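Novice: Sharing a structure with you now.
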Amino acid sequence: VQLQASGGGLVQAGGSLRLSCAASMGAFSTYVMGWFRQAPGKEREFVGAVSRSRHTYYGDSVKGRFTISRDNNKSTVYLQMNSLEPEDTAVYSCAASRTSILSEYHRERSYNFWGQGTLVTVSS
């Protein structure tokens, strides 16, 4: 199983970026797909997740600004990030989970596979 995140870069505050995570795995549609981020000197943080039925869930710090979607035909999950703030600067990683427990979507331990991450830098 491989997860490859891409699309990171440098953007000014208020700008937008779209991250992609391409998965090389069987039965992609059966996995919950999540995004996490880790800023320098901080713990990894849940950004959001999309379920098998395409329901989406977000961390409080990104609600209303970020949108997660998935394309099962392409085995890809996306993270559209709008109204970016310097506090959004982090390495963003995607992950895949077999869990069926909604209350576990935000927990790192629920995810079975992880990608390497892509760096997003937001300048003020």
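The values are calculated or read from the model by the stated rules, or taken from the named source; none is laboratory data. Here the structure is a predicted model, which means the values were calculated and not measured. Quick reminder, even Gly has a Cβ in these numbers, built from the backbone with ideal geometry, and neighbours come from all protein chains shown. Protein only, heavy atoms only, side chains kept; ligands, DNA and RNA dropped before computing areas. Shrake-Rupley method; radii C 1.70, N 1.55, O 1.52, S 1.80 Å.
Novice: Condition first: of a type in the set (Gly, Ala, Ser), on the phi > 0 side of the Ramachandran plot and surrounded by fewer than 16 Cβ atoms within 10 Å (Cβ to Cβ). Can you find one or more residues in segment 20-39 that meet it?
Specialist: yes
The rows are residues; the columns are (1) farther than 15 Å from Arg54 by Cβ; (2) among the hydrophobic types (A, V, I, L, M, F, W, C); (3) part of a strand (DSSP E or B); (4) at pLDDT 95 or above.
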position	(1), (2), (3), (4)
Arg70	no, no, yes, yes
Tyr78	no, no, yes, yes
Ala95	yes, yes, yes, yes
Ser103	yes, no, no, no
Phe113	yes, yes, yes, yes
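Novice: Can you tell me which residue among Tyr105, Tyr31, Tyr78 is of a type in the set (Ser, Thr, Tyr), in contact with a Lys or Arg (Cβ under 9 Å, 6 or more places away or on another chain) and farther than 30 Å from Ser124 by Cβ?
Specialist: Within the list Tyr105, Tyr31, Tyr78, the selection yields Tyr31.
Novice: Tell me, please, whether a residue that is touching a helix residue (DSSP H, G or I) at 6+ places or on another chain (Cβ under 6 Å), open to solvent by less than 10 Å² (accessible area, probe 1.4 Å) and in contact (Cβ under 8 Å) with a residue 40 or more places away in the chain can be found in segment 97-110.
Specialist: Looking for residues that are touching a helix residue (DSSP H, G or I) at 6+ places or on another chain (Cβ under 6 Å), open to solvent by less than 10 Å² (accessible area, probe 1.4 Å) and in contact (Cβ under 8 Å) with a residue 40 or more places away in the chain, one finds at least one in segment 97-110, hence yes.
Novice: Then there is this: With Thr67, Thr76 as the choices, which residue is among the β-branched types (Val, Ile, Thr) and within 20 Å of Phe113 (Cβ to Cβ)?
Specialist: After applying the criteria, what remains is Thr76.
Novice: Also: Report yes if some residue within segment 35-52 is polar (S, T, N, Q), within 26 Å of Ile101 (Cβ to Cβ) and assigned to a loop (DSSP other than H, G, I, E, B); otherwise report no.
Specialist: yes
Residue by residue, here is whether (1) in contact with an Asp or Glu (Cβ under 9 Å, 6 or more places away or on another chain); (2) open to solvent by 40 Å² or more (accessible area, probe 1.4 Å); (3) touching a residue at least 12 places away in the same chain (Cβ under 8 Å) holds:
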residue: Val47; (1), (2), (3): no, no, yes
residue: Asn73; (1), (2), (3): no, yes, no
residue: Leu84; (1), (2), (3): no, no, yes
residue: Asn112; (1), (2), (3): no, yes, yes
residue: Ser124; (1), (2), (3): yes, yes, yes
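Novice: In addition: Among all residue pairs at least 6 apart or on different chains, which show Cβ distances below 8 Å where the first residue, located in segment 1-23, is among the basic types (Lys, Arg) and the second is assigned to a loop (DSSP other than H, G, I, E, B) and surrounded by 14 or more Cβ atoms within 10 Å (Cβ to Cβ)?
Specialist: Arg18/Gly7
Novice: For segment 53-71, which residues satisfy the criterion of being surrounded by 17 or more Cβ atoms within 10 Å (Cβ to Cβ) and of a type in the set (D, E, K, R)?
Specialist: Arg70 - this is the single residue of segment 53-71 that is surrounded by 17 or more Cβ atoms within 10 Å (Cβ to Cβ) and of a type in the set (D, E, K, R).
Novice: Counting just the residues of segment 7-19 that are part of a strand (DSSP E or B) and surrounded by fewer than 17 Cβ atoms within 10 Å (Cβ to Cβ), which one comes out nearest to the chain's Cα centre (by Cα)?
Specialist: The extreme case among them is Arg18.
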